[in-house]
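Worksheet: one structure, shown below.
The values are calculated or read from the model by the stated rules, or taken from the named source; none is laboratory data. Owing to the predicted nature of the structure, the values given are computational and were not obtained by experimental measurement. Note: areas computed on protein heavy atoms with side chains; ligands, DNA, RNA excluded. Shrake-Rupley method; radii C 1.70, N 1.55, O 1.52, S 1.80 Å.
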Amino acid sequence: MKKILMIAAIGATVLASCGKSEKQVALEKQQALAAYRDSIKLDSFRRAEVEAEKRRVEERHQAELAAARRSATRSYSSGGGTVTTSSAGVTSTQAQKKGWSDAAKGTAIGAGVGAIGGALIDKKKGRGAIIGGLAGAGAGYAIGRAEDRKSGRVQPKQ
């Protein structure tokens, strides 16, 4: 009975190991290790690239700040060009807006409405129109100038 169990156990191990040879198992292990090492290398290369890009961006930013500190000048161009201002380490370039500013629109509208209102209210039409036009123009200008400041068209004095 012992001999039969021994032969059956040996037969089972032989059948189980017949599927793959030791060389195939070792080769699969080596391939798995190589794939793992390659993935680690790729990850480290990617991390190095990301760090290098961050470093380049920071260097560009520092260079821009240094240039802005060196030149604390303001230059304006007329005729719809660009406006470049740099002071206190901040540089901004924006296209100069064309057309009427909000202050100019407010002045014109306020003068027209004030003149009509003054002419309707005062018995002497001419005098009422002049007074109303001046008052309306002043109010319209103040409101329009505030809108220009909000939109960034006019910079507050420093």
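Total residues in the range 76-111 satisfying the condition of being at pLDDT 60 or above, open to solvent by 80 Å² or more (accessible area, probe 1.4 Å) and of a type in the set (A, V, I, L, M, F, W, C): the figure is 2. When you scan the range 25-47, do you find a residue that is at pLDDT below 85, open to solvent by 100 Å² or more (accessible area, probe 1.4 Å) and under 25 Å from the mean Cα position of the chain (by Cα), even just one? Yes, the range 25-47 has at least one match. The set of residues from the range 112-140 being outside any helix (DSSP H, G or I) and open to solvent by 70 Å² or more (accessible area, probe 1.4 Å) comprises K123, K124.
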